[in-house]
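A quick write-up on the structure given underneath.
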Amino acid sequence: MTNTDLEDLKKILSTPKNIVIVPHKNPDGDAMGASLAMKLFLDKKNHRTTIVTPNDYPEFLKWLPNSHKSYKFDLQNRQSKRAINNADLIFLLDFNALHRVGDDMEKTLEKFEGDFVMIDHHQQPDDLTRFIYSDTEMCSTCQMVYHFIEMMGDKNLLDKDIATCIYTGIMTDTGSFRFRSTTSTTHRVVADLIDLGADNARIHNNVYDTNSYNRLQLLGVALNNLKVVPEFKTAYITLSQKELDKQSFQKGDTEGFVNYALSLKGVIFAVIFIEDIEQGIIKMSLRSKGTFSVNEFARAHFSGGGHTNAAGGRSTISLQETVDKFLNLLPNYKEEISESYED
Ligand code: 5GP
Ligand code: MN
């Protein structure tokens, strides 16, 4: 965003507006944290704000301040469409292309004639609006929301609830401050959030220590299915619909499972394949260490994308066929993978 654009946006936001805030489909901690923080901030600036999530978000985020007030586009379709149609401005948070909200909602957003404001840290953002704050070096959209509030000259409006939402997204997107994207600035921002009242121990507990028994059993199944391909420093996990059903799978239950595959000594490329019979897809989460880009890999072969070291993708062939396709691709990446990361 140029300085002129920023000044224009400040001017737009200087009088009360109807604002809709949209995170990506299957919102994670960063998407929900950023949306809620932005809502709380804009409410304080006297705007009328509505969060419209494409679909539901996991239980472990439902304690976040104000989260129950958001509409889900798939379940509250009429209210969601009305909010979007009445909006003067729509914030798009934690995604880089309109299709990331899913087909139905994308169609509604495409018809919107007002301005979008996109704040995001994913690679290769679509050229959708002049109000784009994109920084692919940032650990999280939540950290960008903090900087956005700073840029607006409104740091004085930060409070405990906003700090709690921002802290949550930074924590979840950095793997609790351990990924390379975690910088000294991230830690300075986090220090400020704690000073503002974000209760770091409670937030961590709410997100990570509220496992259901079924989820841990499902993790057991996933670890049992873990396969290693040493030649390509690769490990992968599969979960079939049958296995998910047996453990009464709930949204969010498989979050983070792929990281167990990546935690194996010597592994630098990890993937989890999750069968979704209802949607007719295999959902993939891809992770890497070092320079090997799972964003490029997912874009090229599995209709996905994301970041260098964390991306998502999908396929419409069967679970076994997807795994076979994946295994057949590995030899093409042998060099890239072996040069990716030094222990
Ligand atoms: P996850 O594996 O946790 O679903 O996603 C990992 C990262 O990649 C997240 O930052 C997520 O937003 C992004 N991502 C997941 N799926 C897609 C996709 O289909 N396209 C793009 N561009 N990014 C994705
Ligand atoms: Mn994010």
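Values quoted throughout were computed directly from the atomic coordinates according to the rules given, and no laboratory measurement underlies them. Remember, predicted model here, so these are calculated numbers, not experimental data. Please note: Cβ atoms are built from the backbone with ideal geometry, for glycine as well, and neighbour counts cover all protein chains shown.
Listing for the model above:
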| quantity | calculated |
| --- | --- |
| Choice from Leu218, Leu89, Leu75 with maximal GNM fluctuation in the chain (Cα, 10 Å cutoff) | Leu75 |
| Crossing angle, helix 319-329 versus the chain [Cα axis fit, 0-90 degrees, rounded to tens] | 80 |
| Value at 222 nm in deg cm²/dmol, rounded to 500, when DSSP H runs of n ≥ 4 in the chain each add -39,500 (n - 2.57) | -11500 deg cm²/dmol |
| GluC sites (Glu not before Pro) within region 278-343: DSSP coil, no more than 16 neighbouring Cβ in 10 Å | Glu278, Glu339, Glu342 |
| Extension reserve of the Asn200-His301 stretch, reckoned as 0.36 nm per residue once the Cα distance is removed | 32.5 nm |
| Share antiparallel - DSSP beta bridges, region 215-312, percent rounded to 5 | 75 |
| With Cα atoms, 0 to 90° folded angle of helix 3-12 axis to the chain main axis | 60 |
| DSSP-assigned coil residues among trypsin sites (Lys or Arg not before Pro) in region 21-129, each with at most 14 further Cβ atoms within 10 Å | Lys62, Lys111 |
| Candidate lysines - alpha carbon under 22 Å from Lys11, same-chain residues fewer than 8 apart omitted | Lys39, Lys44, Lys45, Lys155 |
| Gyration tensor verdict on region 166-285 (Cα atoms; rounded if a/c is under 1.5, prolate if a/b is larger than b/c, oblate otherwise) | oblate |
| Region 213-338: relative contact order in percent, alpha carbon pairs under 8 Å with at least 6 residues between | 20 |
| Charged-residue dipole, Cβ positions (Lys, Arg, Asp, Glu), the chain about Cα centre, Debye nearest 20 | 680 |
| Cα-based shape type of the chain, given that a ≥ b ≥ c are square roots of the gyration tensor eigenvalues and the cut on a/c is 1.5 | prolate |
| Reach of Lys325 by Cα under 20 Å, taken over lysines that are not fewer than 8 positions away in the same chain | Lys227, Lys233, Lys283, Lys334 |
| Centre separation in Å (Cα based) which lies between region 127-165 and region 284-317 | 26 |
| Sorted by Cβ density within 10 Å, fewest first, the residues Lys233, Lys251 | Lys251, Lys233 |
| Relative contact order of region 101-209, pairs being alpha-carbon contacts under 8 Å that are 6 or more residues apart, as % | 22 |
| Rel. contact order, % - alpha carbon contacts under 8 angstrom, at least six apart, the chain | 13 |
| Dipole-positive endmost among Leu244, Val294, Met144 within the chain (Cβ charges, Cα centre) | Leu244 |
| Crossing angle, helix 184-195 versus the chain [Cα axis fit, 0-90 degrees, rounded to tens] | 60 |
| Euclidean distance between Cα centres, region 173-200 to region 80-104, Å | 28 |
